1. Going by amide H atoms built from the backbone, whose H comes under 5 Å of the H on A:Ala205, apart from near neighbours?
2. Can you find, among B:Val115, B:Phe186, B:Ala32, the residue farthest towards the positive end of the dipole of the protein assembly as shown? Put +1 on the C-beta of Lys and Arg, -1 on that of Asp and Glu.
3. Under a straight-distance cross-link criterion of Cα-Cα below 12 Å, which aspartates and glutamates are reachable from A:Lys109, leaving out those fewer than 8 residues away in the same chain?
4. How many Cβ atoms of partner chains, on average, are near each residue of B:214-226 if near means within 10 Å of its Cβ?
5. Taking amide H atoms as placed 1.01 Å from N in the peptide plane, list the residues 5 or more away in sequence, or in a different chain, whose amide H sits under 5 Å from that of A:Val35.
6. Please turn the phi angles of segment A:136-143 into ³J(HN,Hα) values with the Karplus equation 6.51 cos²θ - 1.76 cosθ + 1.60 (θ = phi - 60°), one per residue in order, whole Hz, x for glycine and proline.
7. Please average, across the residues of B:164-170, the number of beta carbons from any other chain that are within 10 Å of each residue's own beta carbon, and give a whole number.
8. Per-residue HN-Hα couplings for segment B:142-159, Karplus 6.51 cos²θ - 1.76 cosθ + 1.60 at θ = phi - 60°, whole Hz, x for Gly and Pro?
Amino acid sequence: MSACVTFGDLTLGYHRHPAVHHLNGTVRRGSLTAVVGANGSGKSTLMKGIVGVLKPMSGRCAVAPGTSLAYLPQQSELDRSFPARVIDLVSLGLWPRRGLLGWHGARDKAVVADALSAVGLEGFDARPIDSLSGGQLQRALFARVLVQDSDLILLDEPFNAVDARTVRDLIDLIMRWHGEKRTVMVVVHDLDLVREHFPEALLMAREPIAWGDTRAALSPENLLKARQFHEAWDEKAALCAPGQGGAYVHRHGGHEHSHAAAKDAA
Amino acid sequence: MGPLYDWLIAPFAEYGFMQRALVGALMLSVSACPIGVFLMLRRMSLTGDAMAHAILPGAAVGFLFYGLQIIPMTLGGLAAGVIVALGAGAVSRLTVQKEDASMAAFYLISLALGVLIVSLRGSNVDLMHVLFGTVLALNDEALTLIGAIGVTTLVALAVFWRALVAECLDPLFLRSVSRLGPPVHFLFLGLVVLNLVGGFQALGTLLAVGLMMLPAASARFWTTRVEPMCLLAIGIGIVSCLAGLLLSYHASLASGPAIILSAGVVYILSTIFGTRGILATRIRPASHLTA
């Protein structure tokens, strides 16, 4: 079982304050992981770290060489007032294949059309993006991920403000990606949804609290521990000394989890 | 020959300076109007204005040493524009300050410096010339320069089109699939400076922005796609230049302001009558559709 993403004592954050603190472990190729935790617990930050738009404060976050990556951010910087049609937005997903100058041929157009019908947006090709509802836009963004055809797929709270039917459709897509042996990580808030559909979960509270089989990771004890996490930065927090902090070890296979060192740092 | 010929064709057919003005203005429209569309879509409409002010000290240094000569003033303007664009871009990317504030800071410093330098040597008339240009006095050098800038702009737009659109539409997505985002941003600012410098001999540093922004802002009211928007902006730019030159010829008006005011008229008509303008969006038909 090869690693798709490897975290080595990874600390990510803003202005010297860690948002993800000393994370160790690997995301296996072909795994489907839900990333769970309270607001401010570092879930989105972790996603940004994997994508590479946020550089680690210390440690490393390595995506296996040659892995193509698709990322659907929580706070999209998408400009909905931009004069573009749905098909223009979804065609952006051809970038990894065609780049800046590659011609979008008949096959590419077929890929885009297939993606649109897979998310239930047939006939929406020529609609301006500013006329889409929230759920329709989310479907279009999923279509773009489909078009990207990536090995590693990162979805940050993709079910926000989306109705139940759309959630079901999007979950089906995620299951399809999982079936195609793609590596998928999804930030989700709905724990029932996680228990029902996601084989593995990573529970975060700045420190990683638990990671592994969903039932075990989301046990009442772990959830309680995660709930005790304090969201606000402490301006007077002590410096995090080397070797201190949650040296969290996560191994797959036997699912061994060990918590070393004190958790009183920062 | 009918009155129509006298009005529309004769001025250009009979006078060399009118032909040059027309050629210069048309080339400027083709090149600057699409740039204006992207400035507008990136919500940087006022950045064009700031950059136009920023060019002044460079042009003024050229003027200080060589008088009213196009090449030194152009090169000086180009250098000043690039310094301000890079400086403002660097401050916004490396600090918490956003680009609008850093751009304002840099262009105000630049503008004050420019006026100071011009006043060291010239009179108010010279300052007026630098600020407002003279499209009726374009020489071969100026036309060559405008042509070269136009070709450069169109080639750069064609090559980087997809990246420019992606950077406007969804910058975070572009960052997740490519490293082209920041270079494309600076390339674009470079094109803005280039086109303002090209426009300043004809229209002056201040009014050059007018030919860039007004057709773009007008085109926004007629279409919901980028490609037609750019073509329409170019068309509006060309019509405005023709109208402005003819008005200035027949009514003895200053040519630069006449061109920009013509574009202004198109803008106001577009805001009212455009397919996405006031009338179309405010006045609704009594019946509506079922879905």
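Each reported figure results from applying straightforward, stated rules to the coordinates on display, with no laboratory input. As the structure is a prediction and not an experimental result, all values here were calculated from the model. Neighbour counts run over all protein chains shown; Cβ positions are idealised from the backbone, glycine included.
1. Close amide H contacts, sequence-distant or interchain: none at all.
2. Sorting the options by dipole projection puts first B:Phe186.
3. Result set, ordered by chain and number: A:Asp88, A:Asp125.
4. Average neighbour count from other chains, rounded to a whole number: 2.
5. Here the answer is A:Val186, A:Val187, A:Val188, A:Leu202, since their amide H atoms fall under 5 Å of that of A:Val35.
6. The phi angles translate into 5, 5, 5, 4, 4, 5, 4, 4 Hz.
7. The mean count of partner-chain Cβ atoms within 10 Å per residue comes to 5.
8. Per-residue couplings from phi come out as 4, 5, 4, 4, 4, x, 4, 5, x, 4, 4, 4, 5, 5, 4, 5, 5, 5 Hz.
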